[in-house]
1. Determine if the stretch 415-423 includes at least one residue that is closer than 22 Å to residue 221 by Cα, modelled with pLDDT under 95, surrounded by 16 or more Cβ atoms within 10 Å (Cβ to Cβ) and not acidic (Asp, Glu).
2. Can you list the helices (runs of 4 or more DSSP H) lying wholly within the stretch 44-155 that have 2 or more residues being surrounded by 14 or more Cβ atoms within 10 Å (Cβ to Cβ) and aromatic (Phe, Trp, Tyr)?
3. Restricting attention to helices (runs of 4 or more DSSP H) lying wholly within the stretch 243-347, give those where 1 or more residues are under 30 Å from residue 362 (Cβ atoms).
4. Of everything in the stretch 290-313, what is in contact with a strand residue (DSSP E or B) (Cβ under 7 Å, 6 or more places away or on another chain) and modelled with pLDDT under 85? Give them in sequence order.
5. Among the listed residues 34, 26, 69, 79, which satisfies the condition of being at pLDDT 85 or above, outside the structural domain of residue 221 (by TED's automatic domain parsing) and closer than 21 Å to residue 133 by Cα?
6. How about the stretch 400-421: which of its residues are in contact with a helix residue (DSSP H, G or I) (Cβ under 7 Å, 6 or more places away or on another chain) and aromatic (Phe, Trp, Tyr)?
7. Of all residues being assigned to a loop (DSSP other than H, G, I, E, B) and within 26 Å of the chain's Cα centre (by Cα) in the stretch 156-165, which is modelled with the lowest pLDDT? Just the residue, please.
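The values are calculated or read from the model by the stated rules, or taken from the named source; none is laboratory data. Keep in mind that this is a model prediction, so the values were computed, not measured. Glycine gets a Cβ as well: all are built from the backbone with ideal geometry, and neighbour counts include every protein chain shown.
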Amino acid sequence: MNSIQANGISRKVYLTQESLNRAIKSVCDVLRRSNCTGAMQYIPELTWILFLRILDERETYELETARESGQQYCRSIESPYRWQDWASPQGCKRRELEKEGGLLTFVNNELFPHLMSLGKRPDATPRQKIISEIISNIGLTRIDTDYNLADALNKVDEIRSWDIEQRHIFPLSQVYEGLLARMGEKSSDGGQFFTPREIVRVIVRVIDPRPGEYIYDPCCGTGGFLVQAYEHMQEHHSTGRVQKSVNLYGREKENLVYPLALANLVLHGIDEPHIWHGNTLTGDEIYGGLFQGVPNQFDVVLTNPPFGGKESKKAQDRFAFKSGSTQLLFLQHIIESLKPGGRCGMVVDEGLLFRTNEFAFVQTRRMLLETCNVWCIVSLPIGAFANAGASIKTNLLFFTKGQFTERVWFYDLSDVKVSKKNPLTIDHFSHFFQVLTDFSDSQRSWSVSRSDIEANGFSLKASNPNNQIQQDSRTLSELARLIEAKNAEIQRALDELVSYTSRLG
């Protein structure tokens, strides 16, 4: 990290990934000593601070661009509530607060109430609604003293996007995403709202969302699938830059996670994230102001429904096949939410596909096979979600609505050894993508007919033709080992006989 002088002020320039990571870590260290000891406490605090910092930088740039072209521009936040007024060490309001004391009081009693009120204005812009929602779900800052708050603000103020060497360093958005992953690790329910990035990349690559399609995640967590879909379209399907107000829609129930999703999408350059706050399964809405104009059905669903949850009667009454299983109800919701021809890529636990002792599971799977073409199931290793705080056995499920399932192509990665220190990466899927193009058979892949599935369920052991081959191979290997051992015993006996005979001679 180097420093430069601009307008008499020393600025830090980040030339390496390590220097930027250290800068963010130093902010987290301040927050940890400020009544935010764990990731579940300090990351939400970093979220609103970092969001307001980046927003102010972005709106300053937009204002300058508008002036150059002779256009009018209106900021989302007016003075003295802009970052440059109250948070930057050079701001007039900041210097006033430092003289008088009361930076923390200003944030809780003046700044937050003002920002929360922006979304309630009759003429509120989508950006003002986003600001309001992010702050409303924070409520009051947990930071405990003026000194710690000022220290955190000063460190964040030093981080400017134009001071980051983009050729060699991940964007700030990816650094933030890494922090969200850390929060997932620290939560016993981490896998419910943070899916490992590599698994998200695999699912998005298989489904291949395209510009113009309506993309939906009914339980979006921190927004990882929506962000990856946006980045995929930028990289693979855009001659220019994908429109910032793309057709990305998500729903999230958790009060803690909802503002993180909004901030995550904005930090990735998505100006108008369409995230609905409420319970997807019951329909109970907390805030739907960003979900206006939502279509009834979508072209693409990308998701990882919660594992092991139990839903109320109110949620179950909205679905044809009633069950307390959250994931089973989400599968029914997803099928309903897809357009004819719509594609879905999702994470499911083993029980959703293989459980046969509950009527709702059997009937939902039958509906899936009869109304959708289930064309691929990937069996993941047990440790695939280890870094998200979960160790449950999972699968990737891919299907298209409106086509009858005739054959299902299985791919088995269950024997791959992965752990927190040795996580599942996209490199583990290199062979998968090779054989996926024509659904060819291999030692890891095979196809199963609809009749076999109806007879045996989605059991990989029952359907894998390689199981008997592998068993026969193990049997032959064991026989070869025994023969080799016997041959060695015979050779030793012969050697002893020769030795004994020579001594007699």
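1. Residues of the stretch 415-423 closer than 22 Å to residue 221 by Cα: 420, 423.
Still in the list and also modelled with pLDDT under 95: 420, 423.
The next check asks that each one be surrounded by 16 or more Cβ atoms within 10 Å (Cβ to Cβ); those that pass are 423.
After this cut, where a residue has to be not acidic (Asp, Glu) as well, the list is 423.
Yes, the stretch 415-423 contains a residue that is closer than 22 Å to residue 221 by Cα, modelled with pLDDT under 95, surrounded by 16 or more Cβ atoms within 10 Å (Cβ to Cβ) and not acidic (Asp, Glu).
2. Numbers: elements: 83-86, 92-100, 103-106, 112-118, 126-136.
Filter on the stretch 44-155 gives 83-86.
3. Working: elements: 258-267, 313-316, 326-337.
It comes to 313-316, 326-337.
4. 307
5. Details: 34 fails: closer than 21 Å to residue 133 by Cα; 26 fails: closer than 21 Å to residue 133 by Cα; 69 fails: closer than 21 Å to residue 133 by Cα.
Criteria check complete, one pass: 79.
6. Of everything in the stretch 400-421, those that are in contact with a helix residue (DSSP H, G or I) (Cβ under 7 Å, 6 or more places away or on another chain) and aromatic (Phe, Trp, Tyr) turn out to be 404, 410, 411.
7. We begin by selecting, within the stretch 156-165, every residue assigned to a loop (DSSP other than H, G, I, E, B); these are 158-160, 165.
Next, only the ones that are within 26 Å of the chain's Cα centre (by Cα) stay: 159-160, 165.
Values: 159: 79, 160: 68, 165: 43.
Applying the filter and picking the extreme gives 165.
Residues checked against (1) basic (Lys, Arg); (2) within 18 Å of the chain's Cα centre (by Cα); (3) not assigned by TED's automatic domain parsing to the domain that holds residue 279:
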{"position": "310", "(1), (2), (3)": "yes, no, no"}
{"position": "316", "(1), (2), (3)": "no, no, no"}
{"position": "330", "(1), (2), (3)": "no, yes, no"}
{"position": "335", "(1), (2), (3)": "no, no, no"}
{"position": "342", "(1), (2), (3)": "no, no, no"}
{"position": "345", "(1), (2), (3)": "no, yes, no"}
